[in-house]
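Scroll down for the structure; my scribbles are underneath it.
The values are calculated or read from the model by the stated rules, or taken from the named source; none is laboratory data. Remember, predicted model here, so these are calculated numbers, not experimental data. Positions of Cβ are backbone-derived with ideal geometry, glycine not excepted, and every protein chain shown enters the neighbour counts.
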Amino acid sequence: MAHSILVILALLVLAPLLSWLPLSAMAALLLMVAWNMSEAHKVVDLLRHAPKDDIIVMLLCMSLTVLFDMVIAISVGIVLASLLFMRRIARMTRLAPVVVDVPDDVLVLRVIGPLFFAAAEGLFTDLESRLEGKRIVILKWDAVPVLDAGGLDAFQRFVKRLPEGCEQVYCACATWNSSHCALWLAQAFNRSRDASHSSRIVARRWRIYKYEIDQSAQTDWSANCIIC
């Protein structure tokens with residue numbers, strides 16, 4: 001507020017006097033303003049403690065600001081920061097084994113993390129590498145906070161290219177009726193039925209050949225499941 005009032009007074013009242021200031025003095029003033037805006041102490045702190053990827057983005061944006069202009073630097077910085085964020089989020093998505101008493105040809109895994117386009121291909125490639133000798137795949141989706149169209153498409157393609165001998169993929173969610181992820185799965189597989197991979201919602205307690213999938217009393221797995 002104080003700076004804006006000073007600028008208004010300078011323009012309206014002091015303009016005739018300020019016109020006598022030499023340009024060299026104005027240049028020095030601009031240099032001081034630029035130095036204060038740069039917050040050099042914060043830059044040094046980031047160089048010491050920030051992750052390497054963040055340092056690269058920061059130095060690149062600073063270089064573009066000096067060499068070109070701030071508009072280009074901001075545009076490039078936003079794009080690079082977005083890509084870096086997606087890369088980090090994709091690394092959080094993984095498959096975790098679920099320790100339950102099931103036959104050797106049944107694979108039970110929990111999908112953990114957001115399943116979006118940047119993470120889906122790697123996750124389902126990892127899943128395909130675990131299918132040897134497995135007849136049934138059981139996936140728990142309770143730890144998936146986000147599922148986008150790219151992740152859903154990757155899952156549908158995974159189901160369609162199941163290896164010979166792998167008969168069925170089961171999906172389960174503890175909060176089936178309210179889960180965003182579960183609703184997307186239900187709608188997608190109800191729309192994409194075919195002769196080799198039928199899909200339906202099964203309204204019953206979730207059991208596979210009389211084996212309780214989750215014997216933990218802390219989790220209610222009495223919700224529905226989808227068979228893909």
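Just wondering, is there one or more residues in the stretch 65-81 that are within 29 Å of residue 113 (Cβ to Cβ), in a loop (DSSP other than H, G, I, E, B) and either out of contact with any Ser or Thr (no Cβ under 8 Å at 6 or more places or on another chain) or not β-branched (Val, Ile, Thr) (or both)? No, that holds for no residue. Within the set 83, 17, the sole residue that is surrounded by 10 or more Cβ atoms within 10 Å (Cβ to Cβ), free of Cβ contacts under 8 Å to residues at least 40 places away in the same chain and out of contact with any helix residue (DSSP H, G or I) (no Cβ under 6 Å at 6 or more places or on another chain) turns out to be 83.
The condition (being of a type in the set (A, V, I, L, M), in the same structural domain as residue 53 (by TED's automatic domain parsing) and under 24 Å from residue 53 (Cβ atoms)) is satisfied by just one residue among 123, 115, 84: 84. For residue 4, state whether it is outside the structural domain of residue 63 (by TED's automatic domain parsing) and under 26 Å from residue 69 (Cβ atoms). Judged against the criteria, residue 4 is a match. Hey, could you check the stretch 129-169 for residues that are part of a loop (DSSP other than H, G, I, E, B) and either in contact (Cβ under 8 Å) with a residue 60 or more places away in the chain or among the β-branched types (Val, Ile, Thr) (or both) and say which is farthest from residue 108 (Cα to Cα)? Looking at residues that are part of a loop (DSSP other than H, G, I, E, B) and either in contact (Cβ under 8 Å) with a residue 60 or more places away in the chain or among the β-branched types (Val, Ile, Thr) (or both), I get 146.
May I ask you to verify whether residue 102 is out of contact with any Cys (no Cβ under 7 Å at 6 or more places or on another chain), outside the structural domain of residue 170 (by TED's automatic domain parsing) and either assigned to a helix (DSSP H, G or I) or more than 19 Å from residue 153 (Cα to Cα) (or both)?
So residue 102 fails the test.
Which one of these is at pLDDT 85 or above and of a type in the set (Ser, Thr, Tyr): 4, 24, 63, 38?
Sole residue among the options that is at pLDDT 85 or above and of a type in the set (Ser, Thr, Tyr): 63.
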